[in-house]
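The values are calculated or read from the model by the stated rules, or taken from the named source; none is laboratory data. Please read all numbers here as calculations on a predicted model, not as lab measurements. Quick reminder, even Gly has a Cβ in these numbers, built from the backbone with ideal geometry, and neighbours come from all protein chains shown.
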Amino acid sequence: MIGEMKVFAGSSHPELASQIATYMGMPLGKLKVTRFSNENIKVKIEENVREADVFVIQTSAVPVSDNLMELLILIDALKYASAARITAVLPYFPYARSDKKDEARISITARLVADLLQTAGAERVLTMTLHAPQILGFFRIPADQLLATPVLVRHFKNSDLSNSVVVATDAGAGKVAGHFAKGLGLPLAIIDKRRFDDTEQASSWALIGEVHNKDAIIFDDEIATGGSIQEAARILRSFGAKRVRVGATHGVLSGSAIERLNNTDIDELVLTDTIPISQAKMTALRNLKVLSTASMFSDAILRIHGGRSISQMMECLPA
Ligand code: R5P
């Protein structure tokens, strides 16, 4: 086994980092982040990390690019402080939606982020529910993806599912939503959603599957502007869905998401805590429930440190 395990956290999501450390029964490593008046960032590791197996938790949250830069500087500081191995733990992967060259002369920025993490000194990556699983292939180092499915399945299993159907917001989400539907023992319907440009506006036309008089549970990887959910809820109601519930992993909640979601006919909205959600947003959003992913990350970190399987964690969906 590799050296002593240590867990450090950047400033993006202190609550999640401290919950992960609590589950692991260990304190977070000591460090100091200084932001200078010229906006430069300095990170000082304030304890010995020589030959340690170090995990660094930093999610993608506003300010996204500053938090990414802070993570890179933190990893670099750990590398030059002689850590034996550094694993970057990214509950929400930065720039995950920039994962393909769908226009001329643009950057595949998720791949650039992968390059930057490796250049800084990360030797492993742990993340959750990528926008596209192919992002794992951007790395030349081992990268593990957790799915929040077990956490969300457990939540919805505690309700009456006798007349329910899981709905994917588009064909691309069909595979992950199918995994969720399997965990709940429910059928799957798919919305035909198309996005024509980069305006973040999507349009839906059709529905594959049966939702009439049923309780629909929309399942998606993230809610950013809320446009996809608004459109999905509208189309589900027009096809006769009785109730509309929503489960998504990442609560990006950008732009006018709060207003849009509050103006959408949704009976329940369930997100996880991979991204911090401010108290103001929590209060403003009706019917919101936030589920913790801390125990999953703590379990995965312990498994990586001990050389045990991560995929086994995804096999234990409740029957
Ligand atoms: C789309 O491909 C994704 O699965 C999500 O539906 C999308 O990222 C959500 O974005 P928004 O809330 O802005 O519609």
- Message: Restricting to the range 268-290, give me the number of residues that are at pLDDT 95 or above, buried (at least 16 other Cβ atoms within 10 Å of the Cβ) and over 20 Å from residue 67 (Cβ atoms).
- Response: 4
- Item | Flag if residue 265 is within 14 Å of the ligand (Cβ to nearest atom), of a type in the set (Asp, Glu) and modelled with pLDDT under 95 | no
- Task: Determine the pairs where a residue that is farther than 18 Å from residue 183 by Cα, located within the range 207-226, has a partner that is among the β-branched types (Val, Ile, Thr) and not in a strand (DSSP E or B) with Cβ atoms under 6 Å apart, the partner being 6 or more residues away or on another chain.
- Result: 222/252; 223/229; 224/252
- Residues being over 30 Å from residue 251 (Cβ atoms), free of Cβ contacts under 8 Å to residues at least 40 places away in the same chain and surrounded by 14 or more Cβ atoms within 10 Å (Cβ to Cβ) - total across the range 1-53: 1
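Out of the residues in the range 227-254 that are in a helix (DSSP H, G or I) and more than 15 Å from the ligand (Cβ to nearest atom), state the one that is surrounded by the most Cβ atoms within 10 Å (Cβ to Cβ). Give the steps one after another, and end with the answer.
From the range 227-254, those in a helix (DSSP H, G or I) are 227-238; that's our starting set.
Then keep just the ones that are more than 15 Å from the ligand (Cβ to nearest atom); that gives 237-238.
Details: 237: 16, 238: 11.
For the range 227-254, the residue satisfying everything is 237.
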